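Inspection log for the structure reproduced underneath, given as structure tokens.
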Amino acid sequence: MFSQLVVWLLATSTVCLAWDNSWIMDMKYERYSQRRSYYLAEEEDRSVGSDIELTAKEQVVNERLMELKMTELKNGLQDPAGFIPWNHIFDVLYRINSSELFHIIQKMPKGGILHAHDTALCSTDYVISLTYEPNLWQCADPTTGAFQFLFSREAPTNTDTCTWTLVADERAKQGEENYNSALRSQLSMYNTNPIMHNRDVDSIWRQFMGIFGVNGGLLTYAPVWKAYYLQFLKEMLADGVQYLELRTTLPPLYDLDGKTYNEVEIMQIYYDATKEFKKQNPTFIGAKIIYAPVRVVDDAGIPALMAKVRELHEKFPDFMAGFDLVGQEDKGRPLIAFSREILKLPNSIDFYFHAGETNWDGMTDDNLIDAVLLGTKRIGHGYAVLKHPRVLKEVKRNKIAIEVCPVSNQVLRLVADYRNHPGSVLLANKEYPVVISSDDPSFWEAKPLSHDFYMAFLGLASSRQDLRLLKQLAINSIKYSAMSPREKLQAMQMWEAEWKKFIDGFNA
């Protein structure tokens, strides 16, 4: 009897112990699940766009947008090589352009472009159309075959290196299709040959800078200069962009009468053209100019450069947004070389410095440190910013917006897979001010801003970031622009009106 009691007690204890263990395991799993939910909620709450609450109509847009996004992501998991952000944009450009996701983003009002360069804006088709203008001459470099263009009533006289012929005659001799195809290859970096994608940074930059040389004489003809700028404003507005801050070197312009236009006269052309376009297009917010000469000035030339900055600021205090230096950072002079003279400029002149457009660590990326110390309002590219914790601290503290240009960073060989772009970290934390820009869309046959928004949304952003991210990025482009508080208020009202049209149109 006693032994049976012992057996019964042991069995009961085992059952109770098992029940106790099961209960403890359930509690531990419940606690784990709860903490996991908190982690996910906190990450979502930290991400760019998380502060936005969508309306019922916006939710309709968001549902379709996220359905398309998740389809791309799930297909990418099954076929990683087919995932668009994994590929070079030149290899998948046709797929992007034909996708519903891209079409929605293209129709979406995206605010402003805060980082773009003067002669790398318009579609290649438009640039080719300019070569049908009368009085246009060309010659080809005997070594490289690169074209040079010049408008003139008679054949240019500088024939030391090549022979000038009328473009109309060359086109007739070679055949229109053959001529235009050869010209297109010199006006764009677009090429679906993988070998062309994988060259080193310096090789890519040589080709990149070479395009500026090819279109230089074509676009710096004064009548064309204005027409080109107006055409970009037109293309930009059609792409859902209402505002522009343009970086320009203000290169000397010329006309058929032998006149050379200086920087002040070129700024006036920009000013008049902007005013003209705004009058004709009521949804256009406006534009401002960032004077941005190339960073190859020697010590002797720096004081004269700064004098020009002062002059332009005095003559166009509201239209000139500020000052920058452009060109390949790995080869050009660093900001520290200009710092002494920059610090002498009036406090009323704002800076928007290119910095950290490099993969180097502790070398040319030190421009990020100098940009912050010199008081830059935004950082152009900032690709290397994650390597500089102190700079990141100042970016958050002083609300220094980073101008992320995803497509440019891939084409110019900083990143291959968009998912590895450092902008992913910035988009995951709303404490870092971020704007999306396009840099030089003409050279990669991209739209003024939509391709960069597309890659930011599908490649850089989390799978959970949705319409709120895109809306916040558009708002950021106004919030961190060079506009005055009053201008920003009016700009927001104009953008909100277009956003409402977009949302209502989707729900119609």
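The values are calculated or read from the model by the stated rules, or taken from the named source; none is laboratory data. Given the structure is predicted, the values throughout are model-derived calculations rather than measurements. No Cβ is skipped: glycine too gets one built from the backbone with ideal geometry, and neighbour counts run over all protein chains shown. Just so you know, the surface numbers come from the protein's heavy atoms only, side chains and all, with ligands and any DNA or RNA stripped out. Shrake-Rupley method; radii C 1.70, N 1.55, O 1.52, S 1.80 Å.
Among the residues of the range 97-104, is any surrounded by 21 or more Cβ atoms within 10 Å (Cβ to Cβ) and of a type in the set (Val, Ile, Thr)? No, because not a single residue in the range 97-104 is surrounded by 21 or more Cβ atoms within 10 Å (Cβ to Cβ) and of a type in the set (Val, Ile, Thr).
Here is a yes/no grid of residues against (1) in contact with a helix residue (DSSP H, G or I) (Cβ under 6 Å, 6 or more places away or on another chain); (2) modelled with pLDDT under 95; (3) farther than 30 Å from residue 467 by Cβ:
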| position | (1), (2), (3) |
| --- | --- |
| 106 | yes, no, no |
| 110 | yes, no, no |
| 116 | no, no, no |
| 121 | yes, no, no |
| 125 | no, no, yes |
| 140 | no, yes, yes |
| 161 | no, yes, yes |
| 189 | yes, yes, yes |
| 196 | no, yes, yes |
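The residue that is farthest from the chain's Cα centre (by Cα), counting only those in the range 278-301 that are within 17 Å of residue 111 (Cβ to Cβ) and basic (Lys, Arg), is 278.
Is at least one residue of the range 477-488 open to solvent by less than 40 Å² (accessible area, probe 1.4 Å), part of a helix (DSSP H, G or I) and at pLDDT 95 or above? Yes, the range 477-488 contains at least one residue that is open to solvent by less than 40 Å² (accessible area, probe 1.4 Å), part of a helix (DSSP H, G or I) and at pLDDT 95 or above. If a residue has to be closer than 25 Å to residue 221 by Cβ and touching a helix residue (DSSP H, G or I) at 6+ places or on another chain (Cβ under 8 Å) to count, how many in the range 238-251 make the cut? Number satisfying all stated conditions: 5. Residues that are touching a residue at least 12 places away in the same chain (Cβ under 8 Å) and polar (S, T, N, Q) within the range 123-143 comprise 123, 124, 131, 135, 138, listed in sequence order. For the range 356-388, residues that are over 17 Å from residue 480 (Cβ atoms), of a type in the set (S, T, N, Q) and open to solvent by less than 20 Å² (accessible area, probe 1.4 Å) total 2. Among residues of the range 394-431 being outside any helix (DSSP H, G or I) and in contact with a Gly (Cβ under 6 Å, 6 or more places away or on another chain), the one that is nearest to residue 371 (Cα to Cα) is 402. Where helices (runs of 4 or more DSSP H) fall wholly inside the range 231-349, no range has 2 or more residues that are among the aromatic types (Phe, Trp, Tyr) and open to solvent by 70 Å² or more (accessible area, probe 1.4 Å).
Residue 391 falls short on exactly one of the conditions (1) open to solvent by 20 Å² or more (accessible area, probe 1.4 Å); (2) part of a helix (DSSP H, G or I), and that condition is (1).
In the range 314-328, the residues that are at pLDDT below 95 reach residues that are surrounded by fewer than 23 Cβ atoms within 10 Å (Cβ to Cβ) with C-beta atoms within less than 7 angstrom, at least six apart or across chains, in these pairs: 327/294; 327/295; 327/296; 328/205.
Given the condition in contact (Cβ under 8 Å) with a residue 40 or more places away in the chain, surrounded by fewer than 19 Cβ atoms within 10 Å (Cβ to Cβ) and more than 18 Å from the chain's Cα centre (by Cα), answer yes or no: does some residue in the range 442-462 qualify? Checking the range 442-462: at least one residue is in contact (Cβ under 8 Å) with a residue 40 or more places away in the chain, surrounded by fewer than 19 Cβ atoms within 10 Å (Cβ to Cβ) and more than 18 Å from the chain's Cα centre (by Cα). Identification of strands (runs of 3 or more DSSP E) wholly contained in the range 112-194 with 2 or more residues that are under 20 Å from residue 256 (Cα atoms) yields 136-140, 147-151. What do you reckon, is residue 186 within 28 Å of the chain's Cα centre (by Cα), closer than 20 Å to residue 128 by Cβ and not aliphatic (A, V, I, L, M)? Yes: the conditions hold for residue 186.
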